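Okay, structure first, notes after.
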Amino acid sequence: MAKRQFKTESKKILDMMINSIYTHREIFLREIISNSSDAIDKLHIKALEDPSVGKSKEDFRIDIKVDRDARTITVTDNGIGMTAEEMDKNLGCIAHSGTLEYKENLGDDADSEAIGQFGVGFYSAFMVADKVTVISKAYGSETANKWESSGPDGYSIKECERDGVGTDVIMHIKEEEDGEEIDDFLETESIRELVKKYSDYIRWPIHMTVDESEWEETGEKDEEGKPKKELVTRKVDKVVNSMVPIWRQSKEDAPDEKCIEFYQSTFHDYEKPTGLLRVSAEGSISYKALLFIPARTPFDFYTREYKAGLQLYSNGVMIMDHCDDLLPYCFRFVRGVVDSPDFTLNISREVLQHDRQLQAVGSYLTKQVKKELARILEEDREKYESFWHSFGKIIKYGTVDGYGKDSELLKDLILFRSARDDKYVTLAEYVKGMPEGQEKIYYVSSDSVAHAKALPQAEPVFAKGYDVMVFDDEIDTFVTNILREYEGKKFCNITSDDLGLESEEDKKEAEKKDEEFKEVTDFCKETLGDAVAEVKISRKLKSHAVLLSTQGGVTFEMEKYFREMPGNEEEGIKASRVLELNSEAPVFQTLRDAIGSDKERAADIVRVMYGQACLMAGQPLDDPVGYSDLVLRMI
Ligand code: ADP
């Protein structure tokens, strides 16, 4: 068969693996063993679902053989194996694009040892080997295949013989000029130490043939008549890992660093997690969980490719890879494992959804995640804000989702931008900072704090010394619509809601003005027609002449949100616009005069006022060319 080419990205990584000297290259073994363990998990789950597989838990194992003379290390498993197609797909192409993303972020510095620390799966074999051979027979397949590669030039796949289902990964260790260090990997004892160091918790037994020495009686006697003994060394097959999963180990045996290393290699993240939770529960159902809050958004987080969910284990054996029924949608970034002897082995999704005990586990874990986030928010603001950058959006979606069923859980985790201090605040902090007399929580949708501060509507609010939260994400207004209030304080959108700042006297005064200038507002409405729902004398404007606001539940941001949803470009949901006029502004008087003397000119003035209001509100003009012509003509 002709030589096949690696995918371009894979080739780059492979090149790096081969050409760099890593101090961390010993992690290759952890990566290969973890693949074997995953492959066994897969076949074991199959066996649980289907007895005709004919395998039980005791049958599974991983074997490591070191052959000094042949300069090979072979890792063998009796897991699910791979077909020729799977070998082509899985080994010809780098699996975690996160790695590449990382490399690209680092630029050329990526060829540092850092990359070796988190590993790049199967390819890390090339850090120590100049040739890798994989022999595999997939479950349900009659034939076995041999994949072989000596690096970026490509690889070949040929049919071959293999007894039974499973995989052998044979690594031909490089010969290096100053080869002492690399030759270390050909020592059985060094390999055994590496297993202990990185793979001790693997749930399947890792067998090695090791030398074991014992004093044995020779059958002869010494001068004193005692039996003679000699040291005999034999090769024995031993299980070299403790098989205690990391989440079952005490904090002393599995300190945070060890758990973090587990997280990074299991969930393929090169960054340390933001949060680490150890949960241990005893009761009607007892279980242990080790959960992680990642520091950054996985590259595929907002795509269909992203698989949320926790790994489920029963007594240390994986029974489900992505159980997404335990945590709510808004916590789908959480990674980790839950292990309970009470989980039945052939658990199905249907069972999960209806099992009350499992629901109890889920709701407890959900509370713990929330608690951990609240703790970070309290104790390490910078860390929390960085978490917020990564996952704030999903927390906000979660608040809105399902008519706000999780809003109670999430409302104290939300951050909004404060216009006063140009920094993030929680709702609790906003309310705490409210001066005497402030009754509402003010917010405005704007793309920046600077723009929000310059908005005419914001003027009277700032004048009172009240803070305004700046909503720069379309989802933000949906969040406040769902929450409605916080600690009894109602949310107030300063572009569309009554600011509630007027005294009774102010109100009377305003009503009088409405009456007095009715002729003007009516004229404006007539001129603008359906473009606006209403024209009124503003109660918010102080120094600016006009203002475009909205009435009803739909704001400009919602309109934009709906407009940008695919398929909604044309009609969509529209905000009803209100043109507000400042009766104290000079242009207002000009307009009044014109209505009395020259209706056509007055209509042009109205159109300009409306156009300016649209511009100030950041709304597109219906007819920009016509509008410009009009303005220039008037000048
Ligand atoms: P990852 O393990 O992160 O998916 P790897 O590069 O380590 O990435 O492996 C790529 C894929 O090759 C695995 O996802 C798996 O499908 C397959 N694979 C690797 N080793 C084995 C093995 N020992 N048995 C079966 N499949 C394997």
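The values are calculated or read from the model by the stated rules, or taken from the named source; none is laboratory data. These numbers were taken from a predicted model, which means no experiment stands behind them. FYI the Cβ positions are ideal-geometry reconstructions off the backbone, even for glycines, and counts take in every protein chain you see.
If I go through region 500-532 residue by residue, how many of them are among the aliphatic types (A, V, I, L, M) and within 22 Å of residue 604 (Cβ to Cβ)? Total meeting the criteria: 4.
Regarding region 169-182, can at least one residue be identified that is in contact (Cβ under 8 Å) with a residue 60 or more places away in the chain, closer than 19 Å to residue 132 by Cβ and of a type in the set (Asp, Glu)?
yes
Region 150-224 holds strands (runs of 3 or more DSSP E) entirely within its bounds, and those carrying 3 or more residues that are under 30 Å from residue 8 (Cα atoms) map to 155-160, 166-173. Only a single item in (1) at pLDDT 95 or above; (2) within 33 Å of the chain's Cα centre (by Cα); (3) among the hydrophobic types (A, V, I, L, M, F, W, C); (4) more than 12 Å from the ligand (Cβ to nearest atom) is not met by residue 64, and it is number (2).
So, in region 321-341, of the ones that are among the aliphatic types (A, V, I, L, M) and more than 16 Å from the chain's Cα centre (by Cα), which residue ends up surrounded by the fewest Cβ atoms within 10 Å (Cβ to Cβ)? It comes out as 337. Quick one: is residue 194 surrounded by 11 or more Cβ atoms within 10 Å (Cβ to Cβ), within 23 Å of residue 62 (Cα to Cα) and more than 34 Å from the chain's Cα centre (by Cα)? Criteria not met by residue 194.
Each row is one residue, and each column tells you yes or no for (1) at positive phi; (2) part of a loop (DSSP other than H, G, I, E, B); (3) at pLDDT 95 or above.
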{"residue": "74", "(1), (2), (3)": "no, no, yes"}
{"residue": "82", "(1), (2), (3)": "no, yes, yes"}
{"residue": "87", "(1), (2), (3)": "no, no, no"}
{"residue": "98", "(1), (2), (3)": "no, no, no"}
{"residue": "107", "(1), (2), (3)": "yes, no, no"}
{"residue": "126", "(1), (2), (3)": "no, no, no"}
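Among the residues of region 592-606, none qualifies, meaning not one is under 48 Å from the mean Cα position of the chain (by Cα) and not aliphatic (A, V, I, L, M). Please verify whether region 499-509 includes one or more residues that are in contact with a Cys (Cβ under 6 Å, 6 or more places away or on another chain) and either assigned to a strand (DSSP E or B) or on the phi > 0 side of the Ramachandran plot (or both). No: region 499-509 contains no residue that is in contact with a Cys (Cβ under 6 Å, 6 or more places away or on another chain) and either assigned to a strand (DSSP E or B) or on the phi > 0 side of the Ramachandran plot (or both).
On inspection, residue 272 fails the criterion of being in a strand (DSSP E or B), over 11 Å from the mean Cα position of the chain (by Cα), of a type in the set (D, E, K, R) and more than 15 Å from the ligand (Cβ to nearest atom). Against the conditions (1) under 30 Å from residue 212 (Cβ atoms); (2) modelled with pLDDT of 95 or more; (3) within 11 Å of the ligand (Cβ to nearest atom); (4) buried (at least 22 other Cβ atoms within 10 Å of the Cβ), residue 136 satisfies every one except (1).
Under the condition of being charged (D, E, K, R) and near the ligand (Cβ under 8 Å from one of its atoms), the residues counted in region 29-38 number 2.
Quick one: which of 224, 216, 282 is closer than 28 Å to residue 371 by Cα and free of Cβ contacts under 8 Å to residues at least 24 places away in the same chain? Steps first, answer last, please.
Numbers: 224 fails: closer than 28 Å to residue 371 by Cα; 216 fails: closer than 28 Å to residue 371 by Cα.
Residue meeting the stated conditions: 282.
For region 39-54, residues that are at pLDDT 90 or above and within 15 Å of the ligand (Cβ to nearest atom) total 7.
Restricting attention to region 529-540 and to residues that are part of a loop (DSSP other than H, G, I, E, B) and in contact with a Ser or Thr (Cβ under 9 Å, 6 or more places away or on another chain), the residue that is surrounded by the most Cβ atoms within 10 Å (Cβ to Cβ) turns out to be 538.
Report yes if residue 543 is closer than 18 Å to residue 452 by Cβ, of a type in the set (S, T, N, Q) and in contact with a Leu (Cβ under 9 Å, 6 or more places away or on another chain), otherwise no.
Taking the combined requirement at face value, the residue does not satisfy it.
Among the residues examined, residue 474 does not qualify as touching a residue at least 12 places away in the same chain (Cβ under 8 Å) and in contact with a Lys or Arg (Cβ under 6 Å, 6 or more places away or on another chain). Remark: pairs (first residue in region 259-276, touching a residue at least 40 places away in the same chain (Cβ under 8 Å); second residue of a type in the set (Asp, Glu) and crowded, with 16+ Cβ neighbours inside 10 Å; Cβ separation under 8 Å; 6+ apart in sequence or on different chains) = 263/269; 265/31; 275/372. When residue 525 is tested against (1) under 30 Å from residue 623 (Cβ atoms); (2) basic (Lys, Arg); (3) loosely packed, with under 11 Cβ neighbours inside 10 Å, only condition (3) is not met.
Do we have any residue at all in region 26-36 that's at pLDDT below 95 and surrounded by fewer than 15 Cβ atoms within 10 Å (Cβ to Cβ)? Looking through region 26-36, none of the residues is at pLDDT below 95 and surrounded by fewer than 15 Cβ atoms within 10 Å (Cβ to Cβ). Restricting attention to region 302-318 and to residues that are touching a residue at least 40 places away in the same chain (Cβ under 8 Å) and in contact with a Pro (Cβ under 9 Å, 6 or more places away or on another chain), the residue that is nearest to residue 248 (Cα to Cα) turns out to be 316.
For region 77-91, the candidate set comprises residues that are more than 9 Å from the ligand (Cβ to nearest atom) and not hydrophobic (A, V, I, L, M, F, W, C); within that set, the residue that is surrounded by the fewest Cβ atoms within 10 Å (Cβ to Cβ) is 85.
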